[in-house]
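As structure tokens, the structure follows; a few thoughts come after it.
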Amino acid sequence: MKPKQKNKSRLSGLLRMAAPQKGKLIFSGLLAIIGEGFGVLPFFIIYRIIAEVGGKPLSEIEQRFIYMLIIYAIVAIILKHICMGASTALSHVSAYNILYDLRVEIAKKLRTLSLGYFNKQNTGQIKKVMSEDVEQMEIFLAHNIPDFTAAFFYTLLTAIVLFVVDWRLALATILAIPIGAVIQMMTMGRGMDIINKWFLATEKMNAAMIEYIQGMPIIKAFNHTVESFSKYSGSIEDCLRIEGQISKRWYLPTSIFSVSITANMLLLLPVGAAMYLAGMITLGKFVFFLLMGVGFGSPMWVMIQFGRFMEKHLESQARIDAVLTAKPLSEPDQSETPGKGIFGNTVEFGYNRQNKVINGIDFSIPARKFVALVGPSGAGKTTLARLIPRFWDVEAGSITLGETDIRNIKTDDLMDQFGLIFQNVYLFNDTVLANLKLGNSDASDAKIVDAAKKARCHEFIMKLPRGYDTVIGEKGARISGGEKQRLSIARALLKDSPILILDEATAFIDPENEALVQGAINKLARNKTLVVIAHRISTIIAADEIVVLDKGRIAASGTHEQLLVNSELYKNMWETHTTAQSWSL
Ligand code: ADP
């Protein structure tokens, strides 16, 4: 899509979101326009008063007329502020209503997306959308658009009034602005190439900054601070150099335009004075134009800045649209009942079209059996294990529970089938009890304590300041990795689902904790179908079947003893593992 078309479709997205609040928004705009009208009125009244007074003594009727005019001016000022206040209040009410609807729409949309969508990158993006981008909508709808509307109509109304009063002085007030704008466009138009250079340099600088910050632990550990900083500072210097060129090239045209907006007095003052002295205009008219002329250019800045705000808004809108248009997981109209055992039929999957990660795999995991997935890093173990609870849909082939394709089971029913224990355990900033209850909201306290005991977490929970009612710090900060793991196992125990999927659950846990976690898993796995991705082969040698994955294909499968004889790859992995263990001993 061309950029202009893209912007158009993004704006139509904004209009769609704003549609329910259309009436309020239009009324807010009308109030702002009326308010600006009242704002112009006192100046016009001042002009009428000077025209009436004109230096001569006033009759009683004339004096009364002038008092009336002054009252009109005061009323107009009050009405302007009432209209403007009401307009702002209305635009805020509509903006917050739109924000509310948008947040609900995003939240509803997130419920329809596959679990696989919530990877690290997308989660970061969603966070940004929910906080910054949605807030940006409020700024655009409740501030930028009303400010622009008010500035535009103020300028338009003033220009009309000025032309009605005296077209020659009106021209003298306004003429400098289009001339300045044309000069600026002509001189700056030729300099767009440098803006593209500047965009590229800024992108490079941002990338260098992210690399610098992300790599900080490595940079410090290897004492490379000077070299790494010079790479980052080099990109800053490039940016600075281009910005310098931009300033040099644009200094003159931008200054001419600024002058044309703010210094229209340079033209108005001599023209007005000459016309007054030649008796072509009254003093009232002259003073009126001087009053109106001083502030005539200021709203122009608001209008010019609107372009920048629009750009910012379109960027936010694009990120919001990316979430709202993400492909949802299809839901069957009627949920079919899941059968027993997990079966893969020529399963194919890739994260993108170019690379297949799973290359036509057939597998069968009978109910209540313990199956382990092993293989080199990048073989596709995690991907395969996550295809089973439908983190993503397979590209070709199918995965079934018994005879039932998982795509024909409603998500809630499908999720009832699985207990998932992954390396990164997420705990909510809530009490230990509330975190455990996620496994089963109806569980009694006694049942929760029982599960915690089986998962070997009761003891450390009781040592926490308020036991089960202790609020877990941000991301469970006050709880160790092993303890988190055991809490997640307790959660899974409470859920009591027939299939358990464990992805490297004991990786990076110290040996003492590993034994505890392993013990908890053994309790949990009794009478369940167990799929384990093993980090340490020693933890899965008792599996009923070990599947060796390599480059998205099944290289071999069998028990530990069978594989040691049949699979070179497995044998090598086992030897590497045992050697590593003897090293650590
Ligand atoms: P394993 O668990 O065996 O280490 P994975 O299933 O994690 O393997 O990864 C298999 C391949 O898929 C790797 O090449 C990995 O880089 C790629 N991959 C994994 N997750 C993603 C993702 N979210 N997006 C794109 N590629 C991915």
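The values are calculated or read from the model by the stated rules, or taken from the named source; none is laboratory data. Note that the structure is a prediction, hence the values are computed from the model and not measured. Glycine gets a Cβ as well: all are built from the backbone with ideal geometry, and neighbour counts include every protein chain shown. Keep in mind that these areas ignore ligands, DNA and RNA; they rest on the heavy atoms of the full protein, side chains included. Shrake-Rupley method; radii C 1.70, N 1.55, O 1.52, S 1.80 Å.
Before moving on, here are some points about what is shown:
Yes/no per residue for (1) more than 27 Å from the chain's Cα centre (by Cα); (2) over 25 Å from Phe163 (Cβ atoms); (3) of a type outside the set (D, E, K, R):
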site	(1), (2), (3)
Leu25	no, yes, yes
Ile34	yes, no, yes
Ile50	yes, no, yes
Cys83	yes, no, yes
Arg111	no, yes, no
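- Residue among Leu252, Leu240 that is open to solvent by 40 Å² or more (accessible area, probe 1.4 Å) and either touching a residue at least 40 places away in the same chain (Cβ under 8 Å) or touching a helix residue (DSSP H, G or I) at 6+ places or on another chain (Cβ under 8 Å) (or both): Leu252
- Residues within the range 417-446 that are touching a residue at least 12 places away in the same chain (Cβ under 8 Å) and under 30 Å from Ser335 (Cα atoms), tallied: 15
- Residues that are in contact (Cβ under 8 Å) with a residue 40 or more places away in the chain, open to solvent by 70 Å² or more (accessible area, probe 1.4 Å) and more than 16 Å from the ligand (Cβ to nearest atom) within the range 537-576 comprise Ala542, Asp544, listed in sequence order.
- Which numbered condition Arg491 misses (of (1) surrounded by fewer than 16 Cβ atoms within 10 Å (Cβ to Cβ); (2) away from the ligand (no atom under 16 Å from the Cβ); (3) not hydrophobic (A, V, I, L, M, F, W, C)): (1)
- With respect to the conditions (1) at pLDDT 85 or above; (2) within 16 Å of the ligand (Cβ to nearest atom); (3) over 16 Å from Ser398 (Cα atoms), Arg353 lacks only one, and its number is (1).
- Any hit, the range 139-149, residues being under 25 Å from Ser255 (Cα atoms), of a type outside the set (A, V, I, L, M, F, W, C) and modelled with pLDDT under 85: no
- Residue check, Pro376 under 19 Å from Leu493 (Cα atoms) and part of a loop (DSSP other than H, G, I, E, B): no
- Selected residue (only one of Ile388, Ile406 is aliphatic (A, V, I, L, M), away from the ligand (no atom under 15 Å from the Cβ), over 28 Å from the mean Cα position of the chain (by Cα) and closer than 18 Å to Thr529 by Cα): Ile406
- Residue count, the range 356-384 (criterion: in contact with a Gly (Cβ under 8 Å, 6 or more places away or on another chain) and more than 13 Å from the ligand (Cβ to nearest atom)): 7
- Screening Thr470 against (1) in contact with a Leu (Cβ under 6 Å, 6 or more places away or on another chain); (2) modelled with pLDDT of 90 or more; (3) surrounded by fewer than 20 Cβ atoms within 10 Å (Cβ to Cβ) leaves a single unmet condition, (2).
- Within the range 304-340, the set of residues being open to solvent by 60 Å² or more (accessible area, probe 1.4 Å) and outside any helix (DSSP H, G or I) comprises Thr325, Lys327, Pro328, Ser330, Glu331, Asp333, Gln334, Glu336, Thr337, Lys340.
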